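So the structure is just underneath, and the comments pick up after that.
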Amino acid sequence: MSKKHKYMQTDRQACHKYDLKSRFFRHCEELATKQSIYLPVVGLLRSFTPRNDNGHKGFTLAEVLLVITVIGVVASLTIPDLITNVQEQQYKAGFKKAFRNITQASIEIKEDYGSLNNAFSGATSAIQTGNMITVYCDYMQCLKEFGWNQQGNCASIDRYELDGGNVDGSKAGQERPCIILSDGTILNFNWVTGDPLNSWVTVDVNGQKKPNTMGLDVFIIQFEADERVLPAGYQGGYYALNVGNGQCVKNISAWYSGYSCATKVLTNTDY
């Protein structure tokens, strides 16, 4: 057998093997048999066909593109929700940290002054609220302090309820004395002389950044009659969860929507 025919026979066998795997090479053996000029073509086709150790054909470009397209579609549907969930978990962790810090500071203040009311002493509630930020900053890591109606203060932020409505101006902390903590958290204060039940702290865990929404990145801390620090929504409180139970439910319009979420966060209850 001549050298030429030997090569042709070898490539006919190769073509036959490809023919079993792909219609693309259906006629390669016939072409290689008729004219030796096709032998380089067969070799070229073989070089561009991905094969594993068993000689099986790999993925085609169309198959790879199809897989990439499917992955892209799935990612576009799932990644936004994943990012939102991660952000919400970060907000909740931020509130838990802020609640611990405010609780600890309140305990230390009462130990040093006898009561919170004594610590914030003043002739009016407005004066006491102003004193409140000064006292708390002695026990917390404050970056900045802003008094009543100060220009450019951390109180001039539009905040929203969980159902999308606007938050009551006072509970939103608008034009209320506030402090910015070293981690960027904003605390707005209100103290009513001799009436802790109507006193509160608004916590915005990521400062002026959006969404600025109750139950997402904004939460309310209240005080009990004995000056205990409690999350809004606690049993028996003004925003108790058992009142309509719509105060911490997403996409449901309700009075004070999102106010009671503070309790759900601290009890690790989903909403």
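Some notes on this structure:
- Potential extension, residue 108-residue 79 segment - 0.36 nm per residue separation minus Cα distance: 6.1 nm
- Label zone of residue 228 (point 7 Å out along Cα→Cβ, amide N under 19 Å): in segment 101-131 this covers 101-111, 114-117.
- Relative contact order, percent, segment 104-266 [alpha-carbon distance under 8 Å, six or more residues apart]: 18
- For the listed residue pairs 92/144; 96/209; 97/250, the alpha carbons are over 20 angstrom apart in 92/144; 97/250.
We did not get these values from a lab; they are worked out from the coordinates using the rules stated. Predicted model only: the values in this text are computed from it and were never measured. We place every Cβ from the backbone using ideal geometry, glycine too, and count neighbours over all the protein chains shown.
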